[in-house]
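Have a look at the structure below, then the notes.
The values are calculated or read from the model by the stated rules, or taken from the named source; none is laboratory data. Everything quoted here is computed from the prediction, not taken from an experiment. Here Cβ is always computed from backbone atoms with ideal geometry, including for glycine, and neighbour counts include all displayed protein chains.
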């Protein structure tokens, strides 16, 4: 398995973006590209060539699930693991996200100190 | 990550949080003015959509910065607005309903605790302790989601939290570091052994001089975490016996022990059955009081003659 280095992070809320970017870059040592919408992610994702994609579920315009579907349609990204981030983490909701093709789900709000290790654990699982 | 890097991250996070708190009043005012513009009828749809969107962001960002009460209140209002958008706006023709929404939005500011207000941050002495002086809690919990949630809640009270999902990891950490409090899930099995048994074999952890808390009643605790997420208050009270030292000095430690157990008995009698109480240190007790937001609750119920002080943590 290749090592996890490049993470595409899709989230519309600028404050959460800043905290997550800090957590992933400074704590995790990852290379992070932040996109503020599903539409932007679709434009940028192929060129960035991420190892893993973190996707907020609730976004205006394209939400997480529809972004996932559109990303999957791009041949370059068909196999890239996608992890949803959402406040809704009841077991049934998590199971539903996994049927959509998500590798796993990270609960929001997340702990900035442990976000990177959580992402790494999902990558290695 | 070494301690210095960790401190650097904590400092940057604190900076982001402070900037967020500084912007918050303007955002809350913008939400209120959106609500004030509602006049009933289909024309409200665009404003409600904007409100729903901004409440959603507020719920998310508030939670990220440890403002659990604000986040929960915003989430509740978001759901209400979402309901109107989905089920027709007729309900909003009623001026009282619009007023209730405005009151709910106005109350968002009140859900910030004293320490979260930018004004109190500016006072300096009231600001949360810096990363260096914050109490460090080690949390040993095998359920990652629950662990993260607990760590986040403790973080909101300015504790530095290190989360361990394995006893061995905590044991290794105990070789070099020492926490102020060790918090451990008792319902956690490692290699077929219950954590309390395994704990006994971890000499580094046992040698720590800090208080050890076990999280027992696992299901009950989960429901409390859930209650906190939904906005139901949980109070953690520290209860201190004043002048115990003079009892010990005058009448001996055996008499002091009688006083401690009498106070424990008293607390058990006076608190509700759903409350949890435990001894925290020599003359201190800690009580977890679900669905209780009155910080003076303990003082009131216990009687001032016996228990002089109850301070929320």
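Key figures for this structure:
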| read-out | value |
| --- | --- |
| Some residue of region A:55-67 being surrounded by fewer than 16 Cβ atoms within 10 Å (Cβ to Cβ) and either touching a strand residue (DSSP E or B) at 6+ places or on another chain (Cβ under 8 Å) or free of Cβ contacts under 8 Å to residues at least 12 places away in the same chain (or both) | no |
| Any hit, region A:82-91, residues being within 14 Å of chain B (Cβ to nearest Cβ), within 13 Å of the chain's Cα centre (by Cα) and over 29 Å from residue B:46 (Cβ atoms) | yes |
| Helices (runs of 4 or more DSSP H) wholly inside region A:1-105 containing at least 1 residues that are within 18 Å of residue A:117 (Cα to Cα) | A:14-22 |
| Of residues in region B:69-94 being within 14 Å of another protein chain (Cβ to nearest Cβ) and more than 18 Å from residue B:34 (Cα to Cα), the one nearest to the chain's Cα centre (by Cα) | B:69 |
| Some residue of region B:164-177 being within 12 Å of another protein chain (Cβ to nearest Cβ) and in contact with a helix residue (DSSP H, G or I) (Cβ under 9 Å, 6 or more places away or on another chain) | yes |
| Region A:41-54: number of residues that are surrounded by 15 or more Cβ atoms within 10 Å (Cβ to Cβ) and without any contact (Cβ under 8 Å) to a residue 60 or more places away in the chain | 7 |
| Sole residue being at positive phi, within 14 Å of chain A (Cβ to nearest Cβ) and touching a helix residue (DSSP H, G or I) at 6+ places or on another chain (Cβ under 9 Å), chosen from B:66, B:62 | B:66 |
| Residue satisfying condition, being in a helix (DSSP H, G or I) and surrounded by 15 or more Cβ atoms within 10 Å (Cβ to Cβ), within set B:63, B:83, B:40 | B:63 |
| Condition check for residue B:49: crowded, with 16+ Cβ neighbours inside 10 Å and part of a helix (DSSP H, G or I) | no |
| Residue match in region B:158-181 (condition: more than 13 Å from the chain's Cα centre (by Cα), surrounded by 19 or more Cβ atoms within 10 Å (Cβ to Cβ), over 27 Å from residue B:64 (Cα atoms) and modelled with pLDDT under 80) | no |
| Failed item in (1) within 12 Å of chain B (Cβ to nearest Cβ); (2) closer than 30 Å to residue B:72 by Cα, with residue A:29 passing the rest | (2) |
| From the options A:105, A:119, A:89, residue that is touching a helix residue (DSSP H, G or I) at 6+ places or on another chain (Cβ under 8 Å), over 21 Å from residue B:62 (Cβ atoms) and in contact (Cβ under 8 Å) with a residue 12 or more places away in the chain | A:119 |
